[in-house]
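Visitor: One structure, pasted below without further comment.
The values are calculated or read from the model by the stated rules, or taken from the named source; none is laboratory data. In this text the structure is predicted, and so the values were computed from the model without any measurement. Methodologically, a virtual Cβ is constructed for each residue, glycine included, from the backbone with ideal geometry; neighbour enumeration extends over all protein chains shown. The accessibility values were calculated without ligands, DNA or RNA, using every heavy atom of the protein model including side chains. Shrake-Rupley method; radii C 1.70, N 1.55, O 1.52, S 1.80 Å.
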Amino acid sequence: MRGAALLLLVLGLQQAEGRCVFNRTQEYCLCYRLTEQSAGSVIQCLAASAVEFQGGDLEKYADFPIKDLDDSTIDMLGSLEIRKIIFSDLLVPEVLLARVLRFFSYTQVQEMVFESCSFVGRSSWADMAGRALPVVSLRFHNVTAATLEGREQDLSPLSRWLGALQELSVTASHLAVLPCTVGRALRALRSLDLAHNSLGEDGLASAFCQGAFPQLRVLSLRHNNLTSYHAVCGGVRLLGELRHLDLSHNALTAGTPSGEGASWDGSENSAGLPWCCGEMKLSELSLGAVSVPVPREVRHTHGCQTARRAPRGSHVGAALGGGT
């Protein structure tokens with residue numbers, strides 16, 4: 001018990017006095033700015049299914065000694081019911097995160113969330129080499145970190161875990177580039193949410209390169225810097241398993257598949273909207289506030305079924321041939 005509590009303490013250790021509060025009804029525990037003096041309150045979080053560590057600067061603890069766990073502590077971590085860990089409003093040294101993350105391989109945590117966090121420094125992640133984590137859902141919202149470009153070797157020890165990850169969300173984090181190697185590492189990913197970022201068409205082709213995201217079925221690109229509907233379709237054309245694509249809240253204009261930018265006149269026979277769905281076997285396409293008129297009924301080419309009527313500026317759903 002004490003070993004598990006000490007591990008949680010490392011995750012939440014802060015300068016200001018704080019404590020953990022457990023909501024038994026929701027099975028949720030919030031730890032705010034823990035100190036060594038208030039560490040005892042972490043014990044009550046061991047009965048929670050979700051634990052949140054909120055507030056503070058962990059940078060001064062980057063060299064905090066973290067020893068290997070003994071067998072009794074490993075057994076204790078494996079018996080915990082914690083399924084979700086949330087880190088919010090934290091300054092996180094990457095080297096500390098890399099050293100702590102390996103201990104999650106002993107837990108049953110399935111979802112990890114970082115919200116309004118800043119990652120500083122750089123780590124080789126060597127302690128994670130060959131380790132598999134139970135975490136299958138990873139979410140980042142409003143975070144700042146160094147670019148991933150040129151860090152392929154640094155992140156390679158994470159390959160076993162990343163190769164099993166199923167859901168990834170990086171939202172409102174000023175993301176403009178996603179290296180091709182990241183997508184190739186995420187071999188089992190089914191859902192990717194990149195909403196509220198700074199992605200343009202130029203970044204899509206590299207992000208969704210040959211061999212990237214081979215199992216991806218759901219992709220959200222809403223609220224980005226996308227302007228050309230057909231350039232977007234071309235950028236994601238290699239995602240052979242993709243079935244749901246959200247392009248809403250982008251300043252999209254229609255054009256021809258050749259990319260010449262011709263306007264879409266809104267007629268059923270126009271060469272605009274049908275092309276992307278028909279080529280990619282999508283079952284659902286969300287355009288939202290598209291800047292060209294949405295026809296009352298879009299008849300898709302390439303053997304696709306007919307999309308039902310949708311009001312302008314709203315969701316456009318199409319059940320297409322090829323299954324879901």
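Visitor: How high is the relative contact order of the range 23-165, given as a whole-number percent (alpha carbon pairs under 8 Å, six or more residues apart)?
Guide: Values: 255 pairs, mean separation 27.9, N = 143.
So the answer I get is 19 percent.
Visitor: Additional query: Does the range 111-170 come out rounded, prolate or oblate, given a ≥ b ≥ c as the square roots of the eigenvalues of its C-alpha gyration tensor, rounded meaning a/c under 1.5 and, failing that, prolate meaning a/b above b/c? Before the final figure, lay out each step's value.
Guide: Values: a/c = 1.91, a/b = 1.09, b/c = 1.75.
In terms of gyration-tensor shape, oblate.
Visitor: Another question about this same structure. Convert each backbone phi in the range 82-90 into a coupling constant with the Karplus relation 6.51 cos²θ - 1.76 cosθ + 1.60 (shift: θ = phi - 60°), then list the ³J(HN,Hα) values in order as whole Hz, x for Gly and Pro.
Guide: Running phi through 6.51 cos²θ - 1.76 cosθ + 1.60 with θ = phi - 60° gives 5, 10, 9, 10, 10, 10, 9, 6, 10 Hz.
Visitor: What's the magnitude of the charge dipole for the range 23-165 around its Cα centre, counting Lys and Arg as +1 and Asp and Glu as -1 at the beta-carbon? Answer in Debye, nearest 20.
Guide: Working: 13 positive and 19 negative charges, 39 e Å.
For the range 23-165, the charge dipole is close to 180 debye.
Visitor: With a 1.4 Å probe and all protein chains left in place, how much accessible area per residue does the range 23-165 have, in Å²? Intermediate values should be presented prior to the final figure.
Guide: On the way: 6860 Å² over 143 residues.
Here the per-residue accessible area is 48 Å².
Visitor: Follow-up question, since we're still on this one. Please list, ordered by chain and number, the residues whose modelled amide H lies under 5 Å from the amide H of residue 228; skip anything fewer than 5 residues away on the same chain.
Guide: HN-HN under 5 Å from residue 228: 253.
Visitor: Could you tell me which residue out of 93, 50, 123 lies farthest along the dipole of the range 23-165 toward its positive end? Charges go on the beta carbon: Lys and Arg +1, Asp and Glu -1, centred on the Cα centre.
Guide: Projecting each Cα onto the dipole axis, the largest value belongs to 50.
Visitor: So, R0 is 51 Å and r is the distance between the beta-carbons of residue 148 and residue 24; what FRET efficiency does that work out to, to 0.05? Walk me through the numbers before you get to the answer.
Guide: Values: r = 40 Å, r/R0 = 0.78.
Step by step, r from the Cβ atoms, then E = 0.80.
Visitor: Output ³J(HN,Hα) for the range 142-154: one whole-Hz value per residue in order, computed from phi by the Karplus curve 6.51 cos²θ - 1.76 cosθ + 1.60 with θ = phi - 60°, and x for Gly and Pro.
Guide: Listing the rounded values in order: 6, 10, 10, 6, 5, 4, 7, 4, x, 10, 4, 5, 4 Hz.
Visitor: Which shape class applies to the range 66-118: rounded if a/c is under 1.5, otherwise prolate when a/b exceeds b/c and oblate if not, where a ≥ b ≥ c are the square roots of the Cα gyration tensor eigenvalues?
Guide: Working: a/c = 3.25, a/b = 1.48, b/c = 2.20.
Oblate shape, in that a/c is at least 1.5 and b/c is the bigger or equal ratio.
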